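Structure, as structure tokens:
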Amino acid sequence: MSSKIPQQSDIIIHPDGSVSLSFLWKEDPQLKDKPVISDIPIIFENGGSGYDECEMCPKLCGFNRLKGVHPRCGDDQLRVSTWGVTMGDEASIRGTHGSGAIMLAGCPLSCPSCHNPEMVQTGFVINDKEFVEICYELESKFVHNIQILSPTVHMGRLIPILKYLKKKKFKTPILFKSSGIESMDYLKKLRGLVDIYLPDFKYGPCSSFAKRSGFSDYFELAQENILEMLDQVGETRYGKDKILLSGVLIRHVMAPIAEVERRAIYHFLDFLQDRCEISKMDNFVNLE
Ligand code: SF4
């Protein structure tokens with residue numbers, strides 16, 4: 001493997017309308033070559049639980065994902081849209097060597113302006129052992145965290161994987177990037193397994209966008225989940241160069257939501273500002 005560091009990540013909109021993330025690289029002679037992780041002695045019992053009557057998000061719809069493919073959430077397979085090192089996050093996340101991102105496919109939300117390739121069909125299937133191998137591969141690139149994006153519909157498989165990494169004393173902090181709509185039962189199972197939560201706080205109360213996303217009570221759900229996340233990992237803790245080691249970073253992308261929604265979101269963020277890192281991003285691109 002050549003010595004490279006991530007330079008930049010970008011959202012790419014393809015001519016056919018599909019969207020993906022790009023990871024760009026530049027050579028860094030200071031980084032030492034590391035072998036490809038191809039033969040980690042992992043004894044892993046493949047498989048998750050909860051797919052026969054899915055309750056991984058607050059819809060609690062009970063869809064049997066062992067017998068059928070849910071149009072947004074998929075079956076019981078772990079599907080990856082893309083993975084690599086990204087420099088597209090906040091300074092406390094990307095640091096100098098980047099964040100090791102694993103973007104999963106599938107999402108229970110159907111946001112009108114989704115920026116990520118979360119559609120189930122775009123993901124390639126990997127088994128649990130391969131997921132762990134990707135984590136070690138990213139760690140070998142000196143990333144500051146392993147960032148699992150769009151994890152909600154894969155919680156049944158991710159929880160045993162994260163337990164395995166914990167047991168193996170995996171060193172790099174685990175970052176859980178979500179839309180803040182895991183079901184509370186599943187979110188509670190992550191206690192002790194996640195170091196950093198990065199919830200994307202999208203919509204305020206009575207939001208037409210939230211309604212169109214399929215979660216008209218998004219505002220209330222996200223607040224409850226963020227408080228649970230904070231309870232699990234505590235206040236923000238930083239290491240060298242102000243890089244986040246543990247805690248909650250709440251991201252709010254400045255989508256064109258109603259002013260009353262924005263005020264309610266800011267009110268909640270103000271309430272938590274001494275305990276979390278707050279990020280307001282103005283890079284919204286309307287993909288409707
Ligand atoms: S994650 Fe998907 S299948 Fe599972 S409860 Fe939510 S909507 Fe239903």
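Quick note: the coordinates plus some simple rules give every number you see, no bench work behind them. All values derive from a computational prediction rather than experimental measurement. Glycine gets a Cβ as well: all are built from the backbone with ideal geometry, and neighbour counts include every protein chain shown.
Sticking with the crude label model, points 7 Å out along Cα→Cβ, report the distance from GLU259 to VAL69 in nm, one decimal please.
For the pair GLU259/VAL69, the computed spacing is 4.6 nm.
By its C-alpha gyration tensor, with a ≥ b ≥ c as the square roots of the eigenvalues, how is region 229-286 shaped: rounded for a/c under 1.5, else prolate for a/b larger than b/c, else oblate?
Working: a/c = 3.01, a/b = 1.68, b/c = 1.79.
Because a/c hits 1.5 or more and a/b fails to exceed b/c, region 229-286 counts as oblate.
Tally Lys/Arg at +1 and Asp/Glu at -1 over every other residue whose Cβ is under 11 Å from the Cβ of VAL69; what's the total?
On the way: positive: ARG65, LYS67, ARG72, ARG79; negative: ASP75, ASP76.
It works out to a net charge of +2.
Listed highest first by mean packing, meaning other Cβ atoms within 10 Å per residue, what order do 83-95, 161-173 come in?
On the way: 83-95: 21.2, 161-173: 15.6.
Those peptides, ordered most packed to least, come out 83-95, 161-173.
Once you order the gyration tensor axes a ≥ b ≥ c over the Cα atoms, which shape class does region 132-221 get: rounded for a/c under 1.5, otherwise prolate or oblate by comparing a/b with b/c? Intermediate results must be reported in sequence, preceding the final value.
Working: a/c = 2.87, a/b = 2.09, b/c = 1.37.
The shape class here is prolate.
On alpha carbon coordinates alone, what is the Rg over Rh value for region 46-281, Rh being the Kirkwood radius? Could the numbers behind the result be given before it?
Details: Rg = 16.7 Å, Rh = 17.8 Å.
Using Cα coordinates only, the ratio equals 0.94.
Would region 218-257 count as rounded, prolate or oblate if I go by the C-alpha gyration tensor, calling it rounded below 1.5 in a/c and otherwise prolate when a/b exceeds b/c, oblate otherwise?
Working: a/c = 5.94, a/b = 1.48, b/c = 4.03.
The shape class here is oblate.
Within 10 Å of each residue's Cβ, count the other Cβ atoms and sort TYR136, TYR203, TYR218 from fewest upward. Mind dumping the intermediate values first?
Working: TYR136 19, TYR203 28, TYR218 25.
Final ranking by Cβ density, sparse to dense: TYR136, TYR218, TYR203.
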